[in-house]
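Scroll down for the structure; my scribbles are underneath it.
The values are calculated or read from the model by the stated rules, or taken from the named source; none is laboratory data. As the structure is a prediction and not an experimental result, all values here were calculated from the model. Every residue, glycine among them, receives a Cβ derived from its backbone with ideal geometry; neighbour counts consider all protein chains shown.
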């Protein structure tokens, strides 16, 4: 698997690049790839079918100058920014036809992530549809807390699997920017963001090393699909109508 550590500006260009990687793989222009990125300022990223006013405190975002942008994959809104590591992986489905079943895909990918995080001393479990959660031993804080969420976009012969890993994020920003989600996993048990989410107690470098190791991302990607990214920015991600669609 190739490795790319690249964050673009503006934040929308990073979402365009994720889709460009998927399209380039389907076109035979690159193979499987792991991309790592992290934006220097806060942003709210909504899912492909999200309704912004159902999930986001729009007025707070405007006052705090936090952009609201839309990704090509499903799921609910998340907040990204410093201390939130993002990974984007493109996998070949011809080699893994069973991953066309999204439940199997989530289960298998999370199992690999859990193994890597546990080897780094974190007691992590799969939770909800696509989350990873820390499990605490203390009786006063026994409920698992989310540290990672993931979403999927299928191409013709490849799949984009991308997600977050919180490691040093300002968690108090979450209730300021996000409403309670319209769909809650059972393990949330009605908790507000401040009681539901946690940071993983690992340094950024350790997380990147872990991700590269578990996916065998040993080769540096020689070039990334700049023209595809530019076109997607021009046609979609650079247009307010895309982000404000719902």
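Here are the numbers:
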| read-out | value |
| --- | --- |
| Among residues of the stretch 223-246, those that are free of Cβ contacts under 8 Å to residues at least 40 places away in the same chain, farther than 18 Å from residue 14 by Cβ and not in a helix (DSSP H, G or I), counted | 0 |
| Check on residue 215, surrounded by 14 or more Cβ atoms within 10 Å (Cβ to Cβ), in contact (Cβ under 8 Å) with a residue 60 or more places away in the chain, in contact with a helix residue (DSSP H, G or I) (Cβ under 6 Å, 6 or more places away or on another chain) and on the phi < 0 side of the Ramachandran plot | no |
| Leading residue by the ranking (surrounded by the fewest Cβ atoms within 10 Å (Cβ to Cβ)) among those in the stretch 191-212 that are assigned to a helix (DSSP H, G or I), at pLDDT 95 or above and out of contact with any strand residue (DSSP E or B) (no Cβ under 7 Å at 6 or more places or on another chain) | 205 |
| Out of 110, 153, 145, sole residue that is more than 20 Å from residue 204 (Cβ to Cβ) and touching a helix residue (DSSP H, G or I) at 6+ places or on another chain (Cβ under 8 Å) | 153 |
| Pick from the stretch 5-29, criterion touching a strand residue (DSSP E or B) at 6+ places or on another chain (Cβ under 7 Å) and part of a loop (DSSP other than H, G, I, E, B), ranking: nearest to residue 184 (Cα to Cα) | 7 |
